[in-house]
Amino acid sequence: MEISMNTTIPGPDGLPRCHWCSATPEYVDYHDREWGYPVNNDIRLFEKLCLESFQSGLSWRTILAKRENFRAAFKGFDYRQVAAFGEADIKRLLSDAGIVRHRGKIEAVINNAKRACELIEKEGSLAAYIWRFEPKPADQAPPQTVSTSPESIALSKALKKMGWKFVGPTTVYAFMQAMGLINDHAEGCVIREKVEQARKQFKRP
């Protein structure tokens, strides 16, 4: 997700929302229903890491519009199935106009699926590992003012050490914003308090 000023704009209902919602109408539903709510589902976490890597150099709007195509192409981002992809699957994906046809990123998803299987075998779940990097609220920068953090840098380094690809600190920070490891909704955003309540009720894996 692109960094925006920590300001709000009126949404379709007149209530204040994060400024980045103004970029496209599709963002409002994503902002209200998904962005920032804590996630402990391994497949959803893996999917988001993959989609953030595909977004590199593009807008999130492009990826969001193609998300269902990505899900169909990558077996719902079931890392166990994706880990078994071979050269025939890479050719299939490179000819799929519904997704971003970038060989390096496609190969990275397959590689990362294998690494996810290894990590889960060792740690029990992807969620259990990732949530260890949740920053303390007191350590968090003001909403939407930074594109990396000490925690995103640490998680990026840890994943790279295990062989993951396309998981730089900025990509990982966007992932942490989206998956609720931090509440980065702007002060005054109508969704900020809802996300905060969800984080309080969330059972850390």
**Q.** Sequence-separation-based contact order of the stretch 10-201, relative, with Cα cut under 8 Å and 6+ spacing, percent
**A.** 31
Q) When you count, for each residue, the other Cβ atoms within 10 Å and take the mean per peptide, how do 48-55, 99-106 rank with the highest first? A) 48-55, 99-106
Q. Label-point separation (nm) for R103 and E26, each offset 7 Å from Cα along Cα-to-Cβ?
A. 2.7
Q. Under 22 Å Cα-Cα from K157, which lysines qualify once same-chain neighbours fewer than 8 residues away are excluded?
A. K48, K105, K114, K122, K136, K165
Q. Can you give the helix-only mean residue ellipticity at 222 nm for the chain, where every DSSP H stretch with n ≥ 4 adds -39500 (n - 2.57) and the sum goes over all residues, rounded to the nearest 500 deg cm²/dmol?
A. -15000 deg cm²/dmol
Q | Under 19 Å from K160, Cα to Cα: aspartates and glutamates that are on another chain or at least 8 residues apart | A | D42, E47, E52, E107, E118, E121, E123, E134, E151
Q.
Which one, C189, H31, M179, projects farthest toward the positive side of the charge dipole computed for the chain from Cβ point charges (K/R +1, D/E -1)?
A. M179
Q. To the nearest 0.05, how large is the calculated FRET efficiency for R33 and L58 if R₀ is 25 Å and r is the Cβ-Cβ distance?
A. 0.65
Q. Given that just one value was derived from the coordinates, which of [x] 59, 44, 39; [y] 76, 42, 41; [z] 49, 36, 25 is Cα extents along the principal axes in Å?
A. [z]
Q | Net charge contributed by nearby residues that have their C-beta within less than 12 Å of L93 (K/R +1, D/E -1) | A | +2
Q: With a 10 Å radius around each residue's Cβ, average the other Cβ atoms per peptide and rank 60-72, 180-192, 34-46, highest first.
A: 180-192, 34-46, 60-72
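Here, each number is a calculation from the coordinates, and none is a lab measurement. All values derive from a computational prediction rather than experimental measurement. Ideal geometry is used to build each Cβ from the backbone, glycine not excepted, and the neighbour counts take in all protein chains shown.
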